[in-house]
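First up is the structure itself, then whatever we jot down about it.
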Amino acid sequence: MISKPMIDAFNDQINKEMFSSHLYLSMAAYFEGSGLPGAAQWMHVQAGEEHEHAMKLFAHLVDRGGKVTLKAIAAPETEWNGPMAAFKAVYEHEQLITRSIHELYEVAQKEKDYAAQILLQWFINEQVEEEKNAAGVIESMKRIEAHETAVLQLDHQLAKRGK
């Protein structure tokens, strides 16, 4: 049986993961409107991953007899001051999610919930990758910022991100 503090913490994280998915869909729409379909594709993939993360947490609660309580999802931003600003927002958001996963892990430790700790190890490792991916795009953009055509080349590269 899963404890009430764990159920509450998992439900909060599900909400954060669903918000993340909406945020990245909003960014995909922004990039579509900016004529950068590759960046939009990157964001679509990211949105799908965030939805999968929410569903992993959802399944864990269900499997352990916990009640999933879905909450309202806040409306995400819809505009950014260019591609660099959008990807910086991605990186900052992923850092926020990393902190949230760490806090969830701390609850699991306090509750001596070993099953949750094992699941959350996957999320901890995933967040390393998430931050690395966003930081990599930002570093590429820093190198090409002065050359508008190079942004289009990066956009082409971003389009290759698969599911």
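Out of G162, G136, I need the residue that is at pLDDT 80 or above and not polar (S, T, N, Q). Which one?
Answer to the check: G136.
Under 24 Å from G162 (Cβ atoms), touching a residue at least 40 places away in the same chain (Cβ under 8 Å), among the small types (G, A, S) and surrounded by 14 or more Cβ atoms within 10 Å (Cβ to Cβ): does that describe A86?
Yes; evaluated as a whole, the condition is true for this residue.
Which of the numbered conditions does G38 fail, given that it passes all the others? Conditions: (1) of a type outside the set (F, W, Y); (2) at pLDDT 95 or above; (3) in contact with a Leu (Cβ under 8 Å, 6 or more places away or on another chain); (4) assigned to a helix (DSSP H, G or I).
(2)
Kindly provide the set of residues from the range 107-141 that are crowded, with 18+ Cβ neighbours inside 10 Å, of a type in the set (G, A, S) and under 18 Å from M1 (Cβ atoms), ordered by number.
Answer for the range 107-141, where residues must be crowded, with 18+ Cβ neighbours inside 10 Å, of a type in the set (G, A, S) and under 18 Å from M1 (Cβ atoms): A108, A116.
Check G33 against each of (1) in contact (Cβ under 8 Å) with a residue 40 or more places away in the chain; (2) over 15 Å from L119 (Cβ atoms) and name the one condition it does not meet.
All conditions are met except number (1).
For the list (1) out of contact with any Phe, Trp or Tyr (no Cβ under 7 Å at 6 or more places or on another chain); (2) under 30 Å from L36 (Cβ atoms); (3) not in a helix (DSSP H, G or I), I need the number of the one condition that A74 fails.
(1)
Given the residues L57, L23, which is the only one that is touching a helix residue (DSSP H, G or I) at 6+ places or on another chain (Cβ under 6 Å), crowded, with 18+ Cβ neighbours inside 10 Å and of a type in the set (A, V, I, L, M)?
So the residue among L57, L23 that is touching a helix residue (DSSP H, G or I) at 6+ places or on another chain (Cβ under 6 Å), crowded, with 18+ Cβ neighbours inside 10 Å and of a type in the set (A, V, I, L, M) is L57.
Would you call E49 in a helix (DSSP H, G or I) and in contact with a Leu (Cβ under 7 Å, 6 or more places away or on another chain)?
no
Report yes if G66 is assigned to a loop (DSSP other than H, G, I, E, B), more than 16 Å from the chain's Cα centre (by Cα) and free of Cβ contacts under 8 Å to residues at least 40 places away in the same chain, otherwise no.
Against the criterion (assigned to a loop (DSSP other than H, G, I, E, B), more than 16 Å from the chain's Cα centre (by Cα) and free of Cβ contacts under 8 Å to residues at least 40 places away in the same chain), G66 does not qualify.
Being part of a helix (DSSP H, G or I) and either in contact with a Cys (Cβ under 9 Å, 6 or more places away or on another chain) or at pLDDT below 95 (or both): is that true of R99 here?
No.
The values are calculated or read from the model by the stated rules, or taken from the named source; none is laboratory data. Note that this is a predicted model, so its numbers are computed, not measured. Reconstructed Cβ throughout: ideal geometry from the backbone, glycine too, with neighbour counts over all protein chains shown.
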